[in-house]
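One structure is given below, encoded as structure tokens.
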Amino acid sequence: MLATDTNEIEAALAAIGTGSAEKIKTRLYTERITVFNEQARANAIAALPAAIRNHRVTQGKLLRRVEPLLTQVLQLHERTRASQQPELFLFAHDTPTAQLWRGCVLLVSTGLAEPLYDGELAGIFAHELGHVYFEDEMTTVQQRSNAQAMHVIELKCDAVAMLSVKLLGYNPVLYLKGLQRIQVINKQKGLSSGLFQSHPELVARAQFAERLIKSLG
Ligand SMILES: [Zn+2]
């Protein structure tokens, strides 16, 4: 692992601080939620690339599994009103990917939802929702195109993910297992790591995860 990776891990751990999962949650999960209405969601969906928009999964077993899982994560993040909740948009695609689109639509590919266990998937959802807490930071960092600072934000979103997984009653290590599983799938399929473009290397994320989980006890 590179020295820059180590610096990023230290910076993210320092930003998160120590304490119980509940305590860290109160610090990290801030009120930065944009309020959405039906129109905003409809506009966001209309603006999706056709390759995604035309492949929405609107029924079936997978959707019935994913929906309540997202609801649990949203409840944990106290996004209980419809106006605070992104719309789930499950779409048929092999590449494992999830992305919060325009802040109000959570894009999830079948290639991600199918192979991942519930606890793993909940972590991915929480990571994506976690970006909301660091939006101002992200804008500043993106303007300066500072890759290292971006990695620190990604690690902080990983922290949000692992806290969420733990507070939902799963083992937080499942989140890391999910990331590793995605990497294996990408390798098997010869895919570039679509989900991880702006993210630190998995080895750095793994070390960060191990340290965070240890500090949670
Ligand atoms: Zn991210």
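The values are calculated or read from the model by the stated rules, or taken from the named source; none is laboratory data. All values reported here derive from a predicted model rather than from experimental measurement. Cβ atoms come from the backbone with ideal geometry, glycine included; neighbour counts cover every protein chain shown.
Of the residues making up the range 58-112, those that are more than 22 Å from residue 39 (Cβ to Cβ) and of a type in the set (Lys, Arg) are 61, 64, 65. Candidates are the residues of the range 77-94 that are within 14 Å of the chain's Cα centre (by Cα) and at pLDDT below 95; the one that is surrounded by the most Cβ atoms within 10 Å (Cβ to Cβ) is 86.
Within the range 115-137, residues that are touching a residue at least 24 places away in the same chain (Cβ under 8 Å) have Cβ atoms under 6 Å from residues that are within 15 Å of the ligand (Cβ to nearest atom) and of a type in the set (Phe, Trp, Tyr) in these pairs: 123/175, counting only partners at least 6 apart in sequence or on another chain. Within the range 199-217, the set of residues being farther than 12 Å from residue 179 by Cβ and either within 16 Å of the chain's Cα centre (by Cα) or surrounded by fewer than 21 Cβ atoms within 10 Å (Cβ to Cβ) (or both) comprises 207, 210, 211, 213, 214, 215, 216, 217. Highlighted here are the strands (runs of 3 or more DSSP E) found entirely within the range 84-174 that include at least 2 residues which are within 15 Å of the ligand (Cβ to nearest atom): 98-101, 105-109. So for the range 55-67 (the condition being at pLDDT below 95 and not in a helix (DSSP H, G or I)), does at least one residue qualify? No, there is no match, as no residue in the range 55-67 is at pLDDT below 95 and not in a helix (DSSP H, G or I).
Of all residues in the range 43-61, those that are of a type outside the set (A, V, I, L, M, F, W, C) and surrounded by fewer than 12 Cβ atoms within 10 Å (Cβ to Cβ) total 6. Cβ separations smaller than 8 Å between residues 6+ apart or across chains give the following pairs from the range 156-182 residues that are at negative phi to residues that are at pLDDT 95 or above and polar (S, T, N, Q): 165/171; 168/72. Could you say whether any residue in the range 71-78 is outside any helix (DSSP H, G or I) and touching a residue at least 24 places away in the same chain (Cβ under 8 Å)? Yes: one or more hits.
Name the single residue, out of those in the range 115-174 being charged (D, E, K, R) and surrounded by 19 or more Cβ atoms within 10 Å (Cβ to Cβ), that is nearest to residue 2 (Cα to Cα). Among those residues, the one meeting the criterion is 154. Do the conditions hold for residue 64, that is, is it of a type outside the set (Gly, Ala, Ser), closer than 26 Å to residue 147 by Cβ and surrounded by fewer than 16 Cβ atoms within 10 Å (Cβ to Cβ)? Answer is no for this residue. Just wondering, is there one or more residues in the range 41-50 that are in contact with a helix residue (DSSP H, G or I) (Cβ under 7 Å, 6 or more places away or on another chain) and within 19 Å of residue 103 (Cβ to Cβ)? Scanning the range 41-50 turns up at least one residue that is in contact with a helix residue (DSSP H, G or I) (Cβ under 7 Å, 6 or more places away or on another chain) and within 19 Å of residue 103 (Cβ to Cβ).
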